[in-house]
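Down below is the structure, laid out as structure tokens.
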């Protein structure tokens, strides 16, 4: 899966700027067709915990006024905690506002 963004994602990113240690991410949909050709209905598919980072807030402020930057950047694929974040739906696509603490890992992709 490449790092391409949909027009809707670009529009949402222009409208929503995360603050603090928040991250705007687009939910990555899992394929609902098995290799054997069987199609699994949406109601039977467990919600994915993968998301593509679209925008990153500045981080939390330290005592000296500097920011603790988050270890993710736009375009990264991440795993997040189950049932975490604030879900946003825009024209049928799912987006999340996640706290930096809800991001479990960054997935390194082979290009």
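The values are calculated or read from the model by the stated rules, or taken from the named source; none is laboratory data. Every value quoted in this text rests on a predicted model; they were computed, and no experiment measured them. FYI the Cβ positions are ideal-geometry reconstructions off the backbone, even for glycines, and counts take in every protein chain you see.
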For this session: Identify all residues within the stretch 53-70 that are within 14 Å of residue 25 (Cα to Cα) and either in a loop (DSSP other than H, G, I, E, B) or touching a helix residue (DSSP H, G or I) at 6+ places or on another chain (Cβ under 8 Å) (or both); write none if there are none.
Result: 54, 55, 57, 70
Exercise. How many residues are within 18 Å of residue 26 (Cβ to Cβ) and part of a loop (DSSP other than H, G, I, E, B) when one looks only at the stretch 71-81?
Worked result: 6
For this session: Residue by residue through the stretch 82-111, note down the ones that are assigned to a helix (DSSP H, G or I) and in contact (Cβ under 8 Å) with a residue 24 or more places away in the chain.
Result: 100, 101
Exercise. In the stretch 82-111, how many residues are farther than 11 Å from residue 26 by Cα and in contact with a helix residue (DSSP H, G or I) (Cβ under 8 Å, 6 or more places away or on another chain)?
Worked result: 3
Exercise. Going by the structure shown, is residue 49 touching a strand residue (DSSP E or B) at 6+ places or on another chain (Cβ under 9 Å), at pLDDT below 70, surrounded by 14 or more Cβ atoms within 10 Å (Cβ to Cβ) and closer than 18 Å to residue 100 by Cβ?
Worked result: no
Exercise. Do you know which of the residues in the stretch 3-26 that are touching a strand residue (DSSP E or B) at 6+ places or on another chain (Cβ under 6 Å) and at pLDDT below 65 is surrounded by the fewest Cβ atoms within 10 Å (Cβ to Cβ)?
Worked result: 8
Problem set entry | Flag if residue 32 is modelled with pLDDT under 70, loosely packed, with under 15 Cβ neighbours inside 10 Å and in contact with a helix residue (DSSP H, G or I) (Cβ under 8 Å, 6 or more places away or on another chain) | yes
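Being loosely packed, with under 14 Cβ neighbours inside 10 Å and at pLDDT 90 or above is the requirement here; does residue 71 meet it? Don't jump to the end; show me each part of the working.
Values: loosely packed, with under 14 Cβ neighbours inside 10 Å: yes; at pLDDT 90 or above: yes.
The answer is yes for residue 71.
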